[in-house]
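Down below is the structure, laid out as structure tokens.
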Amino acid sequence: MADPTTYRPKPGEIPTDPGVYRFRDAHGRVIYVGKAKSLRPRLSSYFQDITALHPRTATMVTTAASVEWTVVRTEVEALQLEYSWIKEFDPRFNVKYRDDKSYPYLAVTMAEEFPRAQVMRGAKRKGTRYFGPYGHAWAIRETLDLLLRVFPMRTCSSGVFKRAAASGRPCLLGYIDKCSAPCVGRVTAEEHRAIAEDFCDFMAGNTTRFAKRLEIRMREAAAELDFEQAARLRDDIGALTKALEKQAVVLGDATDADVFALADDDLEAAVQVFHVRGGRIRGQRGWVVEKESEDIPTLVEHLLLQVYGDADRDAVPREVLVPELPADPEAVTEWLSAVRGSAVSVRVPQRGDKRTLMETVRRNAEQSLARHKVARAGDLTLRSKALQELQDYLGLDDAPLRIECYDVSHVQGTNVVASMVVFEDGLARKSEYRRFIVRGATSGETSGEASGEAGGEPVTVDDTAAMREVLTRRFRRYLEDAEGAGDLDLSTGVVGDGSDPAAVTQNPPNDSSVGPGAGGRDDLVDDEDSPSPSGPIDPETGRPRRFAYPPSLVVVDGGLPQVNAAQAVLDELGIEEVALVGLAKRLEEVWLPGEEHPVILPRTSEGLYLLQRLRDEAHRFAITFHRQRRSKAMTTSQLDGIPGLGASRQKALLRHFGSVKRLRAADETDIMALPGFGRTLASAVVSHLAEGAPQEPAVNLTTGEVLE
């Protein structure tokens, strides 16, 4: 652990302006981001007597190795910059809000020509209106089924829509008048969009005018003796009424508010929010939060930042009711008002119906915390026990908080690939997973060189050589990045005069081409959902140095040969701080380098279970990548590899000539007759096919024997 006095800045160096600060560990990873009205007193508070700090704050300052800050003009800019940096770096010691379930929304895709109503989960998309979240998807479908009588908008997928348009016949919903059937032209795009906008207005809480409009039309139809139409309108009014009854009326019709409440203990807090629109509860959502060193006002402030940080203006209500005011209520209120485009009130309800609803939300939070503690207590305890057992059985100085596991996959030595999976604090860190294409060489090639398979000849290599190559590439990159990280200027972090917060930090591209792999690529497991990694930034490329910090423990899939090969790599590179073990699958022995006999962990050991999960995850990840590579190799074409001939032009050639055999019989003039084919490309196609033409075997005409 670091001594905070070794990196404590002089008080005179710290400005008194508003700003955002970042603590980094010894490997350059951002571990905490915070903001302050005045940087000097806030940062100085971290360097007081360590015994007076909260235990988690004390852990943070002793884990950190440097601190930097950025000056901005106003508190609102500091709030925005803090939020963007928390999203970018995903710091370990900041509050993390995790949904206790994946909530479904009722979504209307207003960006499409013919908007569609559907159930959606996951990340929100631009141009789509969302209503909810709801507790269950069936609640959305039931409500939508009722409202389609009044608002007959499209609910079908793009494929169904196109097939109906091509056949000229609508789907079943079009025949029973629950869809206006824009696919067959019953309504125009403008008329269908008007239906969708009315539906969105109704879901947003403007319900009264629709019921009144239907009632007026029903009376007019009855006065004209059109009783069939009047009966249909009566049923429509009943459907609207039934849909409204499904949503509890809790406040006045004009009330639009989000009501937050929380229940906490010393370590965690459960947060619940009820979304009230038009006086009715339209949705509910919950999180479980690691409290760390945060007090309740700071928790509330970070909660509002994460809930409304990426929201559009329609998602921010006129009132935000909270159990305690945020740490900086004026800045938060100003920021929310800017997002909404009109005034937003952030306050604590004191009496009346809103206070009663707050108590209901709080009881939901208490129940959520109780359920979470029952479900997670065993898991948290067992994870800590597993790490402690590994420390004891393997004789490590500290518990292995970051473990990397490697596995090799191939079929008879061809299409050789390897995987690296990462567990931090006993949990999978999928954004750190990597995949390698084995080149079949250990000559110390850098990760940016071409793959050994680039020339078309598949490499053949055994497991031990493959493991040696992969570890060499990974840890050589670690040494290079760790050395380059020392060139960064982490003294102050002040950029310019702080007048432009947007220019302070450039978000590193979510690009996986910065680690070992084929052609320098390391494929991430989930590019959409994984956050940008923290850590040192390469000043030349602007990309994060992903391998600038080592694991505590390396696990290889295999026995003593694989372990000794891996240890030879670490010894060659001079890496001594990384522990190494191998897990042999036959009897689940744990092998240490240089030992004649394995370590046998008890079959019921939590440490053994953790190693097995690591090994199985690395095997799954390697097998998945190997299957992708093998499938791609089996679908190659004789037209691949021709410069300038992409997939679309290949299709054009095959569509015109019918087969590669007929194309081989064509000349340059025939190929140049196709659009987009010049003389150079046509010549390249003819030359490539001529070089790859199969040789006709010699045959003995008397016996029919094929001659060598």
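The values are calculated or read from the model by the stated rules, or taken from the named source; none is laboratory data. In this text the structure is predicted, and so the values were computed from the model without any measurement. In this analysis, Cβ positions are derived from the backbone assuming ideal geometry, glycine residues included, and neighbour counts consider all displayed protein chains. All accessible areas refer to the heavy atoms of the entire protein, side chains included, with ligands and DNA or RNA removed. Shrake-Rupley method; radii C 1.70, N 1.55, O 1.52, S 1.80 Å.
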TODO: May I ask you to list the residues in the range 383-440 that are part of a helix (DSSP H, G or I) and among the aliphatic types (A, V, I, L, M)?
DONE: A386, L387, L390, L394
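How about the range 582-629: which of its residues are part of a helix (DSSP H, G or I) and open to solvent by less than 20 Å² (accessible area, probe 1.4 Å)?
Answer for the range 582-629, where residues must be part of a helix (DSSP H, G or I) and open to solvent by less than 20 Å² (accessible area, probe 1.4 Å): G607, L608, L610, L611, L614, R615, A618, F621, A622, F625, H626.
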- [ ] Sort out which residues of the range 649-668 are loosely packed, with under 15 Cβ neighbours inside 10 Å, not hydroxyl-bearing (S, T, Y) and not in a helix (DSSP H, G or I), and write them in order of number.
- [x] G658, D667
- [ ] Kindly establish whether V33 is in contact with a Phe, Trp or Tyr (Cβ under 9 Å, 6 or more places away or on another chain), surrounded by 16 or more Cβ atoms within 10 Å (Cβ to Cβ), among the β-branched types (V, I, T) and within 29 Å of L336 (Cβ to Cβ).
- [x] yes
TODO: Would you check which residues across the range 251-294 are modelled with pLDDT under 75 and open to solvent by less than 10 Å² (accessible area, probe 1.4 Å) and list them?
DONE: G278, G279, G283
Task: Residues of the range 53-86 satisfying the condition of being open to solvent by 30 Å² or more (accessible area, probe 1.4 Å), assigned to a loop (DSSP other than H, G, I, E, B) and within 20 Å of L305 (Cα to Cα) - done: R73, T74
TODO: Considering only the range 329-348, state which residues are open to solvent by 50 Å² or more (accessible area, probe 1.4 Å), outside any loop (DSSP other than H, G, I, E, B) and within 24 Å of V72 (Cα to Cα).
DONE: E330, E334, A338
Open item on the list: Name the residue that is least open to solvent (accessible area, probe 1.4 Å), counting only residues in the range 190-210 that are at pLDDT below 75 and assigned to a helix (DSSP H, G or I).
Closed with: F210
TODO: Specify which of the listed residues (P326, P297) is over 26 Å from the mean Cα position of the chain (by Cα), crowded, with 17+ Cβ neighbours inside 10 Å and at pLDDT 80 or above.
DONE: P326
TODO: Any residue in the range 4-28 that's in contact (Cβ under 8 Å) with a residue 24 or more places away in the chain and open to solvent by 70 Å² or more (accessible area, probe 1.4 Å): show its pairings with residues that are of a type in the set (G, A, S) and part of a strand (DSSP E or B) at Cβ separation under 7 Å, as long as the two are six or more apart or on different chains.
DONE: A26/A65
Open item on the list: Condition first: open to solvent by 20 Å² or more (accessible area, probe 1.4 Å), among the basic types (K, R) and not in a helix (DSSP H, G or I). Can you find one or more residues in the range 136-147 that meet it?
Closed with: no
Open item on the list: Take A418 and tell me if it is under 30 Å from R630 (Cα atoms), surrounded by fewer than 18 Cβ atoms within 10 Å (Cβ to Cβ) and modelled with pLDDT of 80 or more.
Closed with: no
TODO: For the range 669-683, state whether one or more residues are on the phi > 0 side of the Ramachandran plot, surrounded by fewer than 16 Cβ atoms within 10 Å (Cβ to Cβ) and either hydrophobic (A, V, I, L, M, F, W, C) or at pLDDT 80 or above (or both).
DONE: yes
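Go through the residues of the range 59-73 one by one and say whether even a single one is on the phi > 0 side of the Ramachandran plot and modelled with pLDDT of 80 or more.
Scanning the range 59-73, I find no residue that is on the phi > 0 side of the Ramachandran plot and modelled with pLDDT of 80 or more, so the answer is no.
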